[in-house]
Amino acid sequence: MSALAILATTIDDEEKARALARAALSAKLAACVQIHPIRSHYVWKDEMREAPEFLLHMKARGDDYPALAELVRRLHSYETPEILRIDVAEADRDYLAWAMEATRR
């Protein structure tokens, strides 16, 4: 298992994105959350759609990923939220030390 993982998710509202970020940071399940405005194109229930969304990248300890994913599932407003794990193969030593310290409970 990777020492550092990124949970990626999307949501349709900036305040909801900020609430997810605050919850993850407050629980010390993420060291950093980046929120990016994007435009998504997808098929949902056999209908092609296009919508503005916010992409969140949550940097977390690999071991904390299951708990972070559960937090996102619990707080997310979508019927089927995007929850993707991206394992970090390599990270700057100082950044990794900071992330581990920021998520120490």
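The values are calculated or read from the model by the stated rules, or taken from the named source; none is laboratory data. As the structure is a computational prediction, the values presented were derived from the model and not from experiment. Reconstructed Cβ throughout: ideal geometry from the backbone, glycine too, with neighbour counts over all protein chains shown.
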Exercise. Taking the stated definitions as given, is A97 of a type in the set (A, V, I, L, M) and either under 13 Å from A24 (Cα atoms) or in contact with a Gly (Cβ under 8 Å, 6 or more places away or on another chain) (or both)?
Worked result: no
Seminar exercise, completed: Among A60, A89, A69, the single one that is closer than 16 Å to S26 by Cβ and among the hydrophobic types (A, V, I, L, M, F, W, C) is A60
Exercise. Helices (runs of 4 or more DSSP H) wholly in the chain with at least 2 residues that are of a type in the set (F, W, Y) - which ones?
Worked result: 93-102
Seminar exercise, completed: Flagged in the range 20-31 as crowded, with 16+ Cβ neighbours inside 10 Å and free of Cβ contacts under 8 Å to residues at least 60 places away in the same chain, in numbering order, are L20, A21, A23, A24, L25
Seminar exercise, completed: Within the range 1-14, the count of residues that are among the polar types (S, T, N, Q) and over 11 Å from the mean Cα position of the chain (by Cα) comes to 1
For this session: Look at the range 62-87 and say how many of its residues are over 14 Å from the mean Cα position of the chain (by Cα) and among the β-branched types (V, I, T).
Result: 1
For this session: Working carefully through the options A97, A17, find the one that is aliphatic (A, V, I, L, M), surrounded by 11 or more Cβ atoms within 10 Å (Cβ to Cβ), more than 17 Å from the chain's Cα centre (by Cα) and modelled with pLDDT of 95 or more.
Result: A97
Seminar exercise, completed: Across (1) over 17 Å from E101 (Cα atoms); (2) touching an Asp or Glu at 6+ places or on another chain (Cβ under 9 Å), A67 clears everything bar (2)
